[in-house]
Amino acid sequence: MEDALQLVRNVVPPLTAKKHKGQDGRVGVVGGCREYTGAPYFAAISALKVGADLSHVFCTQEAAPVIKAYSPELIVHPVLDSPDAVHDVEKWLPRLHALVVGPGLGRDDVLLSNVKDILEASKARGIPVVIDADGLWLIAQQPALIRGYQKAVLTPNHVEFSRLSEAVLGDPLDGQDRRGAVLRLSQALGNVTVVQKGERDVISDGEQVLECSQEGSGRRCGGQGDLLSGSLGVLVHWALQAGPERTDGFSPLLVAAFGACALTRQCSHQAFQKHGRSTTTTDMIAEVGPAFSRLFET
Ligand SMILES: NC(=O)C1=CN([C@@H]2O[C@H](COP(=O)(O)OP(=O)(O)OC[C@H]3O[C@@H](n4cnc5c(N)ncnc54)[C@H](OP(=O)(O)O)[C@@H]3O)[C@@H](O)[C@H]2O)[C@@H](O)CC1
Ligand SMILES: Nc1ncnc2c1ncn2[C@@H]1O[C@H](COP(=O)(O)OP(=O)(O)OP(=O)(O)O)[C@@H](O)[C@H]1O
Ligand SMILES: [Mg+2]
């Protein structure tokens with residue numbers, strides 16, 4: 001565990017006066033609809049709190065004022081259900097380092113179709129993508145969308161993993177051999193990186209496997225996965241920018257995923273010490289700074 005934490009430390013960029021705004025990360029979250037406005041907010045604000053310089057949310061027109069009202073820090077684009085949604089997002093892609101697709105997306109067919117085209121445009125530009133929540137619902141329906149895309153990281157929870165396994169391998173989760181199940185799913189998807197969240201997070205790129213058992217808490221409130229996926233958007237950019245020479249031969253995406261899992265669990269642990277059973281994801285986001293320093297600032 002300590003070795004893996006050191007690999008994460010190796011990819012964290014120094015804060016220097018020599019950089020300009022944006023250089024430490026410009027992340028976009030694709031999600032936010034009538035039902036769900038918290039999830040994209042949790043993901044986008046977590047990216048900023050981890051250390052991105054700019055955090056965008058591409059959501060439906062109806063969700064935009066709600067998410068804008070949560071925070072002036074976020075750049076919120078009310079475009080996901082506009083007639084020219086794909087173009088409206090695509091024009092921002094050259095300025096983004098990573099995309100987090102799915103938090104609060106919902107399962108509306110029009111939105112899923114727009115996100116399909118946004119993913120195609122992102123792959124064409126080699127933009128790293130983190131796929132979570134209802135983005136995984138889309139992938140389970142159309143695995144070919146990301147099969148073989150080496151800059152994709154999937155972050156399924158228990159149920160989402162079973163759905164993906166069923167769709168891609170024809171069999172749901174093998175309860176016993178979690179490492180084997182994650183390896184197999186990654187391989188079947190052309191070695192994309194897969195994070196199976198759970199009591200221990202199991203992470204694989206189809207060749208190597210890392211497990212994160214950083215102490216978290218017993219609290220299972222909604223939104224914790226969104227904190228993880230938003231943090232991961234930044235860490236993926238940093239790890240790819242640092243390159244494999246800084247990750248001791250491990251895939252940069254594997255190291256980034258381990259870092260996001262450890263950070264999320266540490267936030268949960270710290271928030272639970274203060275708030276106990278009443279801990280919410282908002283309390284956890286308040287712990288991102290101290291948790292990051294504790295784990296990754298040398
Ligand atoms: N504040 C907001 O805006 C938030 C919005 N969110 C957004 O909601 C969307 C759907 O997200 P989701 O997590 O409900 O996913 P999904 O797979 O449909 O679960 C459906 C059912 O599966 C089960 N189940 C789930 N997890 C399980 C587990 N670990 N172990 C076992 N069972 C488990 C459970 O069913 P049950 O077992 O209760 O019958 C659950 O009801 C997505 O876009 C996300 O971003 C959330 O991020 C939260 C905060
Ligand atoms: N049984 C568990 N024990 C300890 N930590 C857990 C457990 N299950 C999940 N976690 C941790 O909780 C965090 C969120 O995982 P979870 O499975 O709740 O994601 P999710 O369902 O996608 O969340 P969200 O509500 O944001 O969609 C991760 O950091 C994961 O490591
Ligand atoms: Mg989730």
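Per-residue answers, yes or no, for (1) in contact with a Leu (Cβ under 9 Å, 6 or more places away or on another chain); (2) among the hydrophobic types (A, V, I, L, M, F, W, C); (3) at pLDDT below 95; (4) more than 16 Å from ligand 1 (Cβ to nearest atom):
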position: 143; (1), (2), (3), (4): yes, no, no, yes
position: 148; (1), (2), (3), (4): yes, no, no, yes
position: 178; (1), (2), (3), (4): no, no, yes, no
position: 198; (1), (2), (3), (4): no, no, no, no
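Please work out which one of (1) away from ligand 1 (no atom under 13 Å from the Cβ); (2) within 19 Å of the chain's Cα centre (by Cα); (3) part of a helix (DSSP H, G or I) is the condition residue 110 fails and give its number.
Here residue 110 clears every test but (2).
State which residue is most open to solvent (accessible area, probe 1.4 Å) when the search covers only the stretch 108-127 and only residues that are within 16 Å of residue 97 (Cα to Cα) and touching a Leu at 6+ places or on another chain (Cβ under 7 Å). Give the steps one after another, and end with the answer.
Step one: of the stretch 108-127, the residues within 16 Å of residue 97 (Cα to Cα) are 118-127.
Keeping just the survivors that are touching a Leu at 6+ places or on another chain (Cβ under 7 Å) gives 119, 121-122, 125, 127.
On the way: 119: 3, 121: 11, 122: 0, 125: 109, 127: 10 Å².
So, considering only residues that are within 16 Å of residue 97 (Cα to Cα) and touching a Leu at 6+ places or on another chain (Cβ under 7 Å), the one most open to solvent (accessible area, probe 1.4 Å) is 125.
Please enumerate the residues belonging to the stretch 243-294 that are closer than 17 Å to residue 204 by Cβ, open to solvent by 10 Å² or more (accessible area, probe 1.4 Å) and of a type in the set (Gly, Ala, Ser).
249, 251, listed by residue number.
Against the conditions (1) open to solvent by 10 Å² or more (accessible area, probe 1.4 Å); (2) on the phi < 0 side of the Ramachandran plot; (3) away from ligand 3 (no atom under 13 Å from the Cβ), where does residue 98 fall short? Just the number, please.
Condition (1) is where residue 98 drops out.
How about the stretch 128-157: which of its residues are assigned to a helix (DSSP H, G or I), under 13 Å from residue 191 (Cα atoms) and either open to solvent by less than 10 Å² (accessible area, probe 1.4 Å) or among the aliphatic types (A, V, I, L, M) (or both)?
So the first thing to find is which residues in the stretch 128-157 are assigned to a helix (DSSP H, G or I), and the list is 133-141, 143-145.
Subset that is under 13 Å from residue 191 (Cα atoms): 143-144.
Result: 144, single match.
Being within 22 Å of residue 293 (Cα to Cα), away from ligand 2 (no atom under 16 Å from the Cβ) and open to solvent by 10 Å² or more (accessible area, probe 1.4 Å) is the filter here; which residues of the stretch 18-51 pass it?
Let us first name the residues in the stretch 18-51 that are within 22 Å of residue 293 (Cα to Cα), namely 18-19, 21-27, 42-51.
After this cut, where a residue has to be away from ligand 2 (no atom under 16 Å from the Cβ) as well, the list is 18-19, 21-27, 48, 51.
Across the stretch 18-51, the qualifying residues are 18, 19, 21, 23, 24, 26, 48, 51.
For a quick check of your reading: which strands (runs of 3 or more DSSP E) sit entirely within the stretch 1-93 and have at least 2 residues that are touching a helix residue (DSSP H, G or I) at 6+ places or on another chain (Cβ under 6 Å) and hydrophobic (A, V, I, L, M, F, W, C)? Steps first, answer last, please.
Numbers: elements: 26-30, 54-59, 75-78.
Where strands (runs of 3 or more DSSP E) fall fully within the stretch 1-93 and carry at least 2 residues being touching a helix residue (DSSP H, G or I) at 6+ places or on another chain (Cβ under 6 Å) and hydrophobic (A, V, I, L, M, F, W, C), they are 26-30, 54-59.
The values are calculated or read from the model by the stated rules, or taken from the named source; none is laboratory data. This structure is a prediction, so every number in the text was calculated from the model and none was measured. Methodologically, a virtual Cβ is constructed for each residue, glycine included, from the backbone with ideal geometry; neighbour enumeration extends over all protein chains shown. Surface accessibility is based on the protein's heavy atoms, side chains included, excluding ligands, DNA and RNA. Shrake-Rupley method; radii C 1.70, N 1.55, O 1.52, S 1.80 Å.
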